[in-house]
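**Q** Right, I'll just put the structure down here and ask away after.
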Ligand SMILES: Nc1ncnc2c1ncn2[C@@H]1O[C@H](COP(=O)(O)OP(=O)(O)OP(=O)(O)O)[C@@H](O)[C@H]1O
Ligand SMILES: [Mg+2]
């Protein structure tokens, strides 16, 4: 047995390395200079090492100081197969390299009583071993080990030199790989942090739905994809369209919004596509259409569900070829426009019953964003109410708890726009410092359709609804209904008695 010291490796020179090994090092250096670290890279490098040292197996293990354990990064046998079991290698020898912080070379391990005690050495009949440390910041980061069942006297110092050289190359490569990896991890963490905080300018709300929409808006804004914004009236479609433009690379170019609902076809057509002088009476000069005016920017076509079949066909051409022809003209003009459309109609259904072209629908629906109604994101209501209070008043007003409950329990058929209006009205009615339930005037329109049955039934439904709206505060419910608290108490008693009677009947 002999264990070699490494002092001399500081003076290692290339001339000490055989041609075969030099070739091996050359191959390894090209492997290690790869831009990306991959698991197969280490396996490939080990195959070269095993070949060049005439060993039977090779191992590259990472030393984990905290757990005092080795972690296989790559392990290969002479047949270029993976070995996944670390216990197949001598942990005792690996440990020695870590403790001694220098390369070790052993011949005839079996007859060395200090080494032959290791189980793996016996099971695998290991005879010869070379182990070299891989350093990072002057600490042992890992160990490279090659071994053989033969008593390979050929495992000479020369091989030790060679492996040491490899270890130095690996240290340098690891430096780079680890740095890139840690930068990459940091970058991912920052990105996901940023995504979690991504907000849309002017868009208030913290519900999961709004956060998800903010994320989608940020993602799609970076591209030129056509976006279709869906959602009930007043949910914020306009706001989202503007946000996409302002977060996009086109932000310094024009953003134009064109309302397409209930505008006569010919008027909308000449507005969008422009016209040639003499195209119709009143066309005294050539005129650019909005698609040309907005070129380079973003064009938001609102209420797209309302455009006529003729205009649908023309719009399809813009989307397919980025081309327009002015009314009365033959010249084809190229335009560079990002198109965003919105509607509160059900386009799927309109395609189904032939009112909207399917091919156009697919072109518009490249990236749909659906804004949920306010009643499906009630946690946003308090934030929005605060926002509108600040927007429309510089008084420091507080929203009463019951007021908030009234706002949160309402169905908001007109969504955020309706909430905005209700808060504006409440500000007119409120003189004090607290916004009270009576300042909140909600439209009961939908309740008329909701109520059914006899007058007595309607009375009951309205009473219960009001009580719920005012958090069971009988004084406020009475005030809002224009009745006395005593009336409410009587009615509730009547309801209770009626309930008992019907229960008794069913028993
Ligand atoms: N999340 C929000 N935060 C702040 N303000 C909002 C939000 N959503 C909507 N609003 C405001 O509500 C009003 C209505 O929004 P917007 O015009 O974008 O709705 P819309 O979906 O386009 O409605 P319509 O279908 O009727 O055109 C606007 O004044 C807008 O600023
Ligand atoms: Mg709108």
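**Q** Express as a percent, rounded to the nearest 5, the fraction of DSSP beta bridges in the chain (both residues included) that run antiparallel.
**A** 60 percent
**Q** Once you order the gyration tensor axes a ≥ b ≥ c over the Cα atoms, which shape class does the stretch 223-266 get: rounded for a/c under 1.5, otherwise prolate or oblate by comparing a/b with b/c?
**A** Since a/c reaches 1.5 but b/c is at least a/b, the shape of the stretch 223-266 is classed as oblate.
**Q** Please give, to one decimal in nm, the separation of the simple spin-label points placed at residue 331 and residue 455, each 7 Å out from Cα toward the Cβ.
**A** Each label point is offset 7 Å from its Cα along the Cβ direction, giving 7.5 nm.
**Q** With a cut-off of 11 Å, note down the residues of the stretch 376-404 whose backbone N falls inside the zone around a label point 7 Å from the Cα of residue 433 toward its beta carbon.
**A** Residues 396-398 qualify, since their backbone N sits under 11 Å from the label point.
**Q** Right, here's the next one. What distance in nm separates the two pseudo spin-label positions at residue 462 and residue 187, each 7 Å out from Cα along the beta-carbon direction?
**A** 6.6 nm
**Q** Rounded to the nearest 500 deg cm²/dmol, what is the calculated helix-only ellipticity per residue at 222 nm for the chain, with -39500 (n - 2.57) per DSSP H run of length n ≥ 4?
**A** The helix-only estimate for the chain comes to -14500 deg cm²/dmol at 222 nm.
**Q** Another question about this same structure. Please report the relative contact order for the stretch 7-181, taking Cα pairs under 8 Å with a sequence separation of at least 6, and give it as a percent rounded to a whole number.
**A** RCO, the stretch 7-181: 22 percent.
**Q** Show me the ranking of peptides 43-56, 392-405 by mean Cβ neighbours inside 10 Å, starting with the highest.
**A** Answer by packing, highest mean first, reads 43-56, 392-405.
**Q** If the label point is 7 Å along Cα→Cβ of residue 370, which residues in the stretch 377-417 have backbone nitrogen under 15 Å from it?
**A** 377
**Q** With a 10 Å radius around each residue's Cβ, average the other Cβ atoms per peptide and rank 161-170, 352-361, highest first.
**A** 161-170, 352-361
**Q** Using a/c under 1.5 as the rounded threshold, could you call the stretch 373-443 rounded, prolate or oblate? The axes a ≥ b ≥ c are square roots of the C-alpha gyration tensor eigenvalues, and prolate needs a/b larger than b/c, oblate otherwise.
**A** Note, shape of the stretch 373-443 comes out prolate.
**Q** Right, something else. What order do you get for 122-129, 74-81 when each peptide is scored by the mean count of other beta carbon atoms within 10 Å, highest first?
**A** 122-129, 74-81
**Q** Please compute the Kirkwood hydrodynamic radius over the chain, one decimal place, Å, based on all pairs of different Cα atoms.
**A** 30.8 Å
**Q** Tell me the angle of helix 19-32 to the major Cα principal axis of the chain, expressed in degrees between 0 and 90 and rounded to the nearest ten.
**A** 10 degrees
**Q** In the stretch 240-270, whose amide N lies under 16 Å from the spot 7 Å out along Cα-to-Cβ of residue 417? List them in ranges.
**A** Only 240-242, 257-263 pass the distance filter.
**Q** Helix 237-246 versus the longest principal axis of the chain: what angle, 0 to 90°, nearest 10, using Cα atoms?
**A** Computed tilt is about 40 degrees.
**Q** Using Cα atoms only, what is the angle between the long axis of helix 455-469 and the major principal axis of the chain, expressed in degrees (0 to 90) to the nearest 10?
**A** Tilt relative to the chain: about 40 degrees.
**Q** Can you tell me the relative contact order of the chain? Whole percent, Cα pairs under 8 Å, sequence separation 6 or more.
**A** Result for the chain is 10 percent.
**Q** Tell me the Kirkwood hydrodynamic radius of the stretch 208-370 in angstroms, computed as one over the mean inverse distance between distinct C-alpha pairs.
**A** 16.2 Å
Computed from the coordinates by the stated procedures, all read-outs in this text should not be read as laboratory data. A quick note: this is a predicted structure, and the numbers were derived from the prediction, not measured. Virtual Cβ from ideal backbone geometry, glycine too; neighbours counted across all protein chains shown.
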